[in-house]
1. From the helices alone, meaning DSSP H stretches of at least four residues, give me the mean residue ellipticity at 222 nm for the chain, per-run term -39500 (n - 2.57), in deg cm²/dmol to the nearest 500.
2. Please work out whether the stretch 287-390 counts as rounded, prolate or oblate from its C-alpha gyration tensor, where a ≥ b ≥ c are the square roots of the eigenvalues and a/c under 1.5 means rounded, while otherwise a/b larger than b/c means prolate and anything else oblate?
3. Check each of the chymotrypsin sites (Phe, Trp or Tyr not before Pro) in the stretch 5-67 and keep only those in coil by DSSP with at most 12 other C-beta atoms within 10 angstrom; list them in order.
4. Quick one: which of K165/K295; K173/K218; K275/K376 span more than 22 angstrom between C-alpha atoms?
5. If you take every DSSP beta bridge whose two residues both sit in the chain, what share of them, in percent to the nearest 5, is antiparallel?
6. How long is the stretch 229-364 along each principal axis, judged by its Cα atoms, biggest number first, in Å?
7. Whole-Hz ³J(HN,Hα) for each residue in the stretch 216-221, computed from phi via Karplus 6.51 cos²θ - 1.76 cosθ + 1.60 with θ = phi - 60°, x for glycine and proline: what do you get?
8. Taking 8 Å as the Cα distance limit and 6 or more residues as the minimum spacing, I'd like the relative contact order of the stretch 189-255 as a percentage.
Amino acid sequence: MEGELKDDTKIVHGAVEPCEKTGAILTPLFLSTTFTQESVAKYLHRGFSYSRTQNPTTNTLERKLALLENGFGAAAFGTGMAATTSAISATMKNGDHCVITDCSYGGTNRECREYFTPLGMEFSFVDFRDPEKVKAAMKPNTKLVFSEQPANPLLSMCDLEVISKIAHDAGAKHVCDATFATPVILRPLDHGCDMVIQSLTKFYEGHNMMTGGAVICKDEEMYAKVKHIQNMHGNIINPFAAFMIMQTTKTMALRVRHQSETAMSIATWLEAHPKVSKVFYPGLASFPQKDIADKYHRNNVHGAMLWFDIVGGSEAGTKLMNAIQRPWSLCENLGATESIITACAVMTHANMLKEDRLKVGITDGFIRVSCGIEDKEDLIKSLSIALDQC
Ligand code: PLP
């Protein structure tokens with residue numbers, strides 16, 4: 001059909017054509033390590049040689065990701081952490097400096113401290129809510145500015161356009177991990193970012209089955225660098241996971257819109273509960289960065305993630321997490337059909353230094369919530385029973 005397709009059509013059909021030979025509606029799963037060549041002279045004439053470099057199934061997922069995130073190209077990895085490692089590796093070397101948010105997924109924080117720092121790279125962990133702090137941390141050798149939006153787990157946000165300008169004025173690249181948002185809510189490449197990181201394990205996959213990650217690049221040069229790193233590191237997603245994530249992605253917008261509605265209802269209910277002292281959700285009028293949420297979140301959709309504190313502090317929070325029953329699950333991961341409660345201090349952010357974790361407000365009783373697609377009345381009923389026991 002002529003003309004630009006709408007987002008809900010793109011998410012289903014983007015990059016996917018029925019198989020030319022069989023008419024199969026889905027891109028086939030090519031489980032083949034290698035691809036035969038017609039002759040030495042015609043090496044790569046069909047586009048494929050070896051699956052660590054290019055695989056037809058994986059390629060289709062990568063083209064779909066680029067389309068949905070408004071990028072030039074994408075590289076898909078085995079996990080979100082492989083994507084993060086590759087984005088940093090593609091932009092920094094020994095002696096370079098990065099300004100990175102002090103509130104991010106714990107694994108990202110650990111990777112910078114325990115892996116890249118000993119290799120001779122330097123990281124300044126900064127509060128990205130204040131662009132002046134980012135500007136002040138820039139150095140002549142700053143090559144990368146690393147934001148996360150909304151940040152895991154505090155949901156803090158930054159003014160992406162202002163941060164992109166600060167990075168570019170200093171000749172650095174800006175990468176944003178937008179895993180919590182998904183392109184349904186936020187497309188950082190539309191706001192000056194050079195790369196977006198997605199843990200595909202979360203909303204893209206959405207069913208607690210597969211891990212995956214992606215770096216989506218705004219321009220060809222950055223894309224070529226990231227693909228080169230992917231080939232050298234050999235951390236490409238396997239074709240089976242690529243095939244599965246290509247299918248689950250089709251329902252991502254439906255899921256995220258539904259999950260966001262549920263999150264808004266739960267946040268509103270929690271805010272009125274006498275045992276709840278604090279609720280953070282970007283859809284609430286009380287959200288401290290509501291202006292930024294409204295500026296950047298598309299279609300007034302604010303996501304599946306929220307967090308809250310209860311009266312009685314860490315002890316009471318821990319009690320609630322121990323008491324919570326189905327349909328909630330106490331575990332790691334987020335963005336899936338199942339509603340999840342996470343004890344960040346011992347799970348997702350246990351690998352941060354304790355003082356850094358407490359400094360940004362991730363206390364031992366911090367309760368992070370990922371709303372699934374179950375009936376919201378059941379979710380609220382179960383929360384209410386658990387809160388009565390605290
Ligand atoms: N980025 C964010 C915001 C995350 O929450 C996570 C994992 O929780 C990751 C990156 C890492 O993704 P993965 O677990 O797929 O390696």
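Only the coordinates and a few stated rules stand behind these numbers; no lab work does. Computed from a prediction, not measured in an experiment: that's the story for all the values here. Glycine also receives a Cβ, built like all others from the backbone with ideal geometry; neighbour counts cover every protein chain displayed.
1. Values: 13 runs with 138 residues, N = 390.
Helix contribution divided over all residues of the chain: -10500 deg cm²/dmol.
2. Taking the square roots of the gyration eigenvalues as a ≥ b ≥ c, the stretch 287-390 is oblate.
3. Values: sites: F30, F35, Y43, F48, Y50; in loops: F30, F35, Y43, F48.
Sites meeting the loop and neighbour criteria: Y43.
4. Details: K165/K295 17 Å; K173/K218 11 Å; K275/K376 20 Å.
Where the Cα-Cα span goes over 22 Å, no listed pair is concerned, since all stay within it.
5. Values: 24 of 43 bridges.
In the chain, approximately 55 percent of DSSP beta bridges are antiparallel ones.
6. Here the Cα extents, ordered largest to smallest, are 51, 36, 33 Å.
7. Here the 3J(HN,Hα) series is 10, 10, 6, 10, 5, 5 Hz.
8. Numbers: 66 pairs, mean separation 23.4, N = 67.
Relative CO of the stretch 189-255 lands at 35 percent.
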